[in-house]
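Written out below as structure tokens is the structure these notes cover.
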Amino acid sequence: MKIAYICSNLEIIEMDDDWIIMDTEHYTITKVNEVGAFILTRIKERKSLDEIEHLITSHYDADPLTVKSDVLSFIEQLENIGLLIHESN
């Protein structure tokens, strides 16, 4: 599945083992876990959902079906709070 999200105004920062997402346009800060930061970083790199899921599965030795479900759920949450925008083609 081709990635189709915009998150250009986000800065991802690790501070004291916490991951902070700063939205530089709306001046908000959101705390995520390591996997959340990993996903957002890959979205910013324009990786596909399949690529992101594969990278997480291999890096964290996780179940592919669980990873797929969790990635989609995380992306939906980010869309709901305005950190990701679905890009229309």
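The values are calculated or read from the model by the stated rules, or taken from the named source; none is laboratory data. Treat the numbers as computed from the prediction; the structure is a model and nothing was measured. Note: ideal-geometry Cβ built from the backbone for every residue, glycine included; neighbour counts use all protein chains shown.
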key: Pairs where the first residue, in segment 64-87, is part of a helix (DSSP H, G or I) and the second is among the charged types (D, E, K, R) and modelled with pLDDT of 90 or more, C-beta under 6 Å, 6+ apart   = V67/E53; K68/E53; V71/E53
query = Does segment 45-59 contain at least one residue that is surrounded by fewer than 11 Cβ atoms within 10 Å (Cβ to Cβ), over 14 Å from I21 (Cβ atoms), charged (D, E, K, R) and without any contact (Cβ under 8 Å) to a residue 24 or more places away in the chain?
reply = yes
request  = Return a yes/no flag: does segment 2-10 have any residue that is at pLDDT 95 or above, touching a strand residue (DSSP E or B) at 6+ places or on another chain (Cβ under 9 Å) and among the hydrophobic types (A, V, I, L, M, F, W, C).
outcome  = no
Number of the condition not met by I21 [criteria: (1) of a type outside the set (F, W, Y); (2) in a helix (DSSP H, G or I); (3) under 21 Å from E87 (Cβ atoms); (4) under 12 Å from the mean Cα position of the chain (by Cα)] = (2)
